[in-house]
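So the structure is just underneath, and the comments pick up after that.
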Amino acid sequence: MTRLILAALLSLLPLQLLAEPLRPVPVTEWKSVYGRIEARDRIPARARLGGTLVRLSVTEGDRVEAGQLLAEVVDEKIGFQLAAIDAERAALEAELANARTELGRVEDLLARGVSTSQQSDALRTQVQVLTGRIAANAAQRKVLEQQAAEGRVLAPIAGLVLDVPVAAGAVVLAGEAVATVGGGGFFLRLAVPERHAGALKEGDGIVIEGAEGPQDGRLARIYPQIENGRVIADVDVPGLSERFVDARVLVRLPVGEREALLVPEAAVRRRAGLDFVAVEGSGGPVERTVVLGQRQDGMVEILSGLEPGDVPVAVHE
């Protein structure tokens with residue numbers, strides 16, 4: 001909005017003084033680098049059970065919620081082990097029922113003085129042992145049920161599925177990644193030459209040159225470790241496109257300041273391949289040939305041709 005207002009004001013200037021006498025002003029020096037769009041968190045969804053991948057319900061680009069079922073791994077041995085546990089439990093319950101019947105019969109005989117207490121104690125101990133074995137059998141079955149449940153591969157976080165390196169029907173090992181989920185928001189990661197490290201500060205504004213036009217961002221984090229002569233930094237950009245993760249984007253970073261002479265773009269006229277700026281002289285406007293630098297917010301830098309104290313004016317063709 002500021003740029004539009006400034007451009008409108010410059011276009012309405014009459015034939016008069018455009019600015020006060022020129023004086024050097026601080027100008028931000030920008031460095032163009034490429035940033036890469038990355039997910040803040042990139043977590044693999046791993047299989048906790050080794051076996052056959054019988055179900056895969058996601059593919060690259062799908063959005064998932066935390067805890068959503070992504071895949072299912074089945075170990076057929078667990079089914080056989082559960083069947084063996086159930087058969088053992090049935091046998092133990094039959095033995096327990098028989099032991100309780102015998103115990104009841106012996107206690108009746110003991111009450112009539114026909115049996116001995118030693119026989120009654122032995123049967124009572126047998127009942128307790130069988131009851132404990134049945135409880136151990138139930139606990140062992142719960143362990144196998146938990147192992148079977150661990151074949152369900154769940155999304156660790158909410159986000160975007162970035163990679164699915166396996167296919168349904170494949171054999172996977174415990175701990176193997178079935179999918180990689182990116183979430184926690186997306187940001188730009190930069191690798192800036194280390195000579196500019198001292199000029200970078202968290203909170204500095206940056207400009208992203210995207211397909212939709214320039215976007216403003218903020219330098220959110222600067223990592224202390226330098227890798228291959230580069231400083232790694234993260235940039236927060238509101239509304240950053242998540243369509244392509246790891247896509248490269250051109251970024252302009254502020255890496256310092258310098259003194260420069262600036263004039264409004266309306267004061268510059270181009271003829272025969274040369275740029276001219278009219279300045280106030282003793283006998284009227286005098287045109288001088290200038291070399292232009294960078295443009296910013298309706299102003300243009302003069303590299304040579306003008307000096308501090310010159311007063312640029314607008315002239316008609």
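The values are calculated or read from the model by the stated rules, or taken from the named source; none is laboratory data. Owing to the predicted nature of the structure, the values given are computational and were not obtained by experimental measurement. Glycine also receives a Cβ, built like all others from the backbone with ideal geometry; neighbour counts cover every protein chain displayed. Areas reflect the complete protein model, heavy atoms only, side chains present, ligands, DNA and RNA absent. Shrake-Rupley method; radii C 1.70, N 1.55, O 1.52, S 1.80 Å.
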**Residue ID - surrounded by the most Cβ atoms within 10 Å (Cβ to Cβ), chosen from residues in the range 130-164 that are within 15 Å of L69 (Cβ to Cβ) and not hydrophobic (A, V, I, L, M, F, W, C)** = G151
**Asked** In the range 203-226, which residues are of a type in the set (D, E, K, R), farther than 16 Å from Y34 by Cα and over 19 Å from the mean Cα position of the chain (by Cα)?
**Response** D204, E212
**Request:** Looking at (1) loosely packed, with under 14 Cβ neighbours inside 10 Å; (2) closer than 30 Å to P238 by Cα, find the lone condition where L70 falls short.
**Result:** (1)
**Asked** Which of the residues spanning the range 259-293 are within 17 Å of P26 (Cβ to Cβ) and open to solvent by 70 Å² or more (accessible area, probe 1.4 Å)?
**Response** E259
**Asked** When both residues are 6+ apart or on different chains and their Cβ atoms are under 7 Å apart, which pairs have a first residue that lies in the range 75-103 and is within 30 Å of G50 (Cα to Cα) and open to solvent by 50 Å² or more (accessible area, probe 1.4 Å), and a second that is among the hydrophobic types (A, V, I, L, M, F, W, C) and in a helix (DSSP H, G or I)?
**Response** Q81/L144; R89/I134
**Asked** Which ranges mark the strands (runs of 3 or more DSSP E) fully within the range 229-278 that have 3 or more residues being without any contact (Cβ under 8 Å) to a residue 60 or more places away in the chain and either small (G, A, S) or in contact with a strand residue (DSSP E or B) (Cβ under 8 Å, 6 or more places away or on another chain) (or both)?
**Response** 230-236, 268-271
**Asked** How do the pairs read when you match residues in the range 168-193 that are on the phi < 0 side of the Ramachandran plot with residues anywhere that are among the polar types (S, T, N, Q) and at pLDDT 90 or above, using Cβ under 7 Å and keeping only pairs 6 or more apart or on different chains?
**Response** V171/T52
**Prompt:** Within the range 295-317, which residues are modelled with pLDDT of 80 or more and open to solvent by 40 Å² or more (accessible area, probe 1.4 Å)?
**Reply:** R295, M299, L303, S304, E307, P308, G309
**Asked** Can you name every residue in the range 165-174 that is part of a strand (DSSP E or B) and either open to solvent by 60 Å² or more (accessible area, probe 1.4 Å) or of a type in the set (F, W, Y) (or both)?
**Response** V171
**Asked** Just checking, which of A66, A87 is part of a loop (DSSP other than H, G, I, E, B) and of a type in the set (G, A, S)?
**Response** A66
**Scan of the range 175-189 for residues that are outside any strand (DSSP E or B) and surrounded by 14 or more Cβ atoms within 10 Å (Cβ to Cβ), ordered by number** = E176
